[in-house]
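One structure, pasted below without further comment.
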Amino acid sequence: MTTVDTKAIQAIDSAHYLHPFTDFKDLGTRGARVMTRAEDIYVWDSEGKRVLDAMSGLWCVNAGYGRKELAQAAYDQMMALPYYNSFFQTTNVPAATLAAKLASLAPRVGDRHFSHVFYSSSGSESNDSNVRMVRRYWDLMGQPQRKIIIGRTNGYHGSTMAGASLGGMSGMHAQGDLPIPNITHIGQPYFFEDGRPGESEEEFGIRAAGWLEEKILELGADKVAAFIAEPLQGAGGVIIPPSTYWGEIQRIVDKYGILLISDEVICAFGRLGHWFAYEKFGYKPDLVTFAKAVTSGYIPLGGVMVGNRVADVLIEKGGEFNHGYTYSGHPVACAVALANLEIMERENLVGRVRDDVGPYLAKKFQEVAAHPLVGLAETCGFVGGLVLVKDKASKQTFAPSLSVGMVCRGHCFGNGLIMRAVGDRMIIAPPLTMTHAQIDEMVALILHCLDLTREDVQARGWLA
């Protein structure tokens with residue numbers, strides 16, 4: 001193993017590398033953690049410390065680290081055809097083959113089926129493509145006034161101008177004059193925060209979905225093009241909608257004839273125990289955004305599954321769709337994706353999440369729910385979230401200014417666990433390859449770090 005001079009790399013990093021979603025001044029005072037290798041569900045830093053990666057990198061390393069088949073697929077394709085564009089009526093074997101494979105994995109729901117794919121390199125680019133495709137669709141349908149796309153507060157759809165606008169992150173909107181025109185938002189289906197006294201979670205789900213109908217009527221149904229949402233909100237803190245939510249959303253979009261975009265950049269490819277999450281929740285999207293786990297994060301690739309309602313119009317009415325990317329259908333990325341999907345099928349990773357490790361994680365999370373610092377702990381498939389609270393009985397939360405979630409995150413990093421903080425919600429999305437023993441190991445680390453956090457905030461006088 002090659003020895004890394006941590007301080008030298010940190011100095012180079014500080015001098016030249018502007019990191020995403022980072023306070024550059026703050027990072028410059030402490031230095032970035034230098035990661036050097038990974039295997040299975042673990043990563044190692046330059047000091048040799050092993051860390052259990054409970055976030056799969058950034059929600060993406062579903063098949064785990066160290067997959068030699070994926071490196072071999074990239075090498076083989078690079079030696080055969082490392083790159084050629086998909087412009088000018090040209091294709092390549094991996095791009096066409098992967099499109100057919102993805103179409104075969106996307107289940108038909110009612111009258112919706114997915115036979116076509118539009119490629120990008122990321123979820124952000126894919127959602128930019130959705131904006132272009134949705135508006136092109138309505139232009140071809142003779143309703144060019146339908147331009148408005150509705151998203152959700154605290155939703156995340158990327159960090160490009162269009163992606164950040166579609167999302168409802170206030171911190172992102174505060175920079176760059178966002179959102180761009182003709183994008184607006186409704187509230188998120190977060191029962192813990194927005195449920196009324198005496199209201200059941202199912203009743204709240206209906207009420208939260210109703211915010212979409214209220215917004216459509218406010219704007220004018222003839223001006224609304226689409227509604228975009230994650231099946232469950234990822235970067236917003238693993239917000240799992242009530243069971244009644246998506247059925248009511250489907251009723252509303254059907255009633256007003258608007259398109260439905262399912263952003264599954266996080267949720268697709270087994271994360272929730274299905275190839276695509278719309279199947280789990282039983283709704284019928286017109287467009288499905290994907291990225292991340294399609295290659296298990298080994299190489300950038302994203303895209304949009306384009307349903308028959310949209311694809312038929314784009315194809316049959318003709319005319320050039322003036323949109324695309326240099327790397328659309330990149331042959332190396334598509335070859336790696338094909339190899340990754342083959343691993344997932346061979347090892348039945350999707351079925352394991354649905355029938356084995358997902359239920360086991362849910363069972364183990366009951367131990368997390370019992371911790372005195374936890375007001376709520378829940379899982380869905382192979383994601384989980386917990387809320388840190390000041391008082392467990394009343395579920396009183398900490399003042400946001402205390403940043404208790406970041407205190408907990410610090411204890412996690414210091415004790416061999418990567419767990420993400422979203423405010424005072426701590427979230428996980430581990431590799432789908434985890435064994436029961438590794439889930440036990442992860443939960444033990446979580447409980448240990450929660451104990452350390454409780455001791456810390458108690459010493460600071462922050463507990464009730």
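Each value in this text was obtained by applying a stated rule to the coordinates, not by laboratory testing. All figures in this text were calculated on a predicted structure; none of them were measured in a lab. No Cβ is skipped: glycine too gets one built from the backbone with ideal geometry, and neighbour counts run over all protein chains shown.
Rounded to whole Å, give me the distance from the Cα center of the range 311-353 to that of the range 108-133.
9 Å
Here is a follow-up. Using each residue's phi in the range 378-390, evaluate 6.51 cos²θ - 1.76 cosθ + 1.60 at θ = phi - 60° and report the 3J(HN,Hα) Karplus result to the nearest Hz, with x for Gly and Pro.
8, 10, 8, x, 10, 10, x, x, 9, 10, 7, 10, 6
How large, in Å, is the range 81-203 by the Kirkwood hydrodynamic radius built from its alpha-carbon pairs?
Working: mean 1/r = 0.0569 Å⁻¹.
Every distinct Cα pair counted, the radius reaches 17.6 Å.
Sticking with this one: Based on C-alpha coordinates, I'd like the Rg and Dmax of the range 1-135, in Å.
20.1, 58
Taking the range 185-333, how much of its Cα-Cα pair set, in percent, is spaced more than 28 angstrom apart?
On the way: 2959 of 11026 pairs.
When all Cα pairs of the range 185-333 are counted, 27 percent exceed 28 Å.
Run lengths n ≥ 4 of DSSP H only: what is the helix-derived mean residue ellipticity at 222 nm for the chain, with -39500 (n - 2.57) per run over all residues, to the nearest 500?
Rounded to the nearest 500, the figure is -12500 deg cm²/dmol.
Hydropathy at least -0.5 by Kyte-Doolittle, axial extent at least 24 angstrom from the Cα trace: which helices of the chain, defined as entire DSSP H runs, fit? Let's see the in-between values first.
Details: long enough: 123-140 (25 Å, -1.22); 201-219 (28 Å, -0.23); 436-459 (34 Å, 0.26).
Flagged H segments are 201-219, 436-459.
What does the highest-first list of 29-41, 421-433, 5-17 look like by mean Cβ count within 10 Å?
421-433, 29-41, 5-17
What does the range 375-464 give for Rg and for Dmax, in Å, if only its C-alpha atoms count?
Taking only Cα atoms of the range 375-464, I get Rg and Dmax of 13.1, 41 Å.
Also: Can you list, bin by bin at 5 Å, the percent of alpha carbon pairs in the range 72-346, starting at 0?
With 5 Å bins starting at 0, P(r) equals 1, 6, 13, 17, 19, 17, 12, 8, 4, 2, 1, 0, 0.
On to the next question. Roughly how compact is the range 141-220, stated as its Cα Rg over 2.2 N^0.38 Å to two decimals?
That works out to 1.25 for the range 141-220.
Which one of L314, V332, P231 is farthest out on the positive end of the charge dipole of the range 228-340, using unit charges on Cβ (Lys, Arg +1; Asp, Glu -1) and the Cα centre as origin?
With unit charges placed on the Cβ atoms, the residue in question is P231.
Please report the relative contact order for the range 304-442, taking Cα pairs under 8 Å with a sequence separation of at least 6, and give it as a percent rounded to a whole number.
Relative contact order here is 17 percent.
Could you pull out every residue, at least 5 positions away or on a different chain, whose amide H is within less than 5 Å of the one on T36? Hs are placed 1.01 Å off N in the peptide plane, and Pro or chain starts have none.
Excluding prolines and chain starts, which carry no amide H, the hits are W44, D45, S46.
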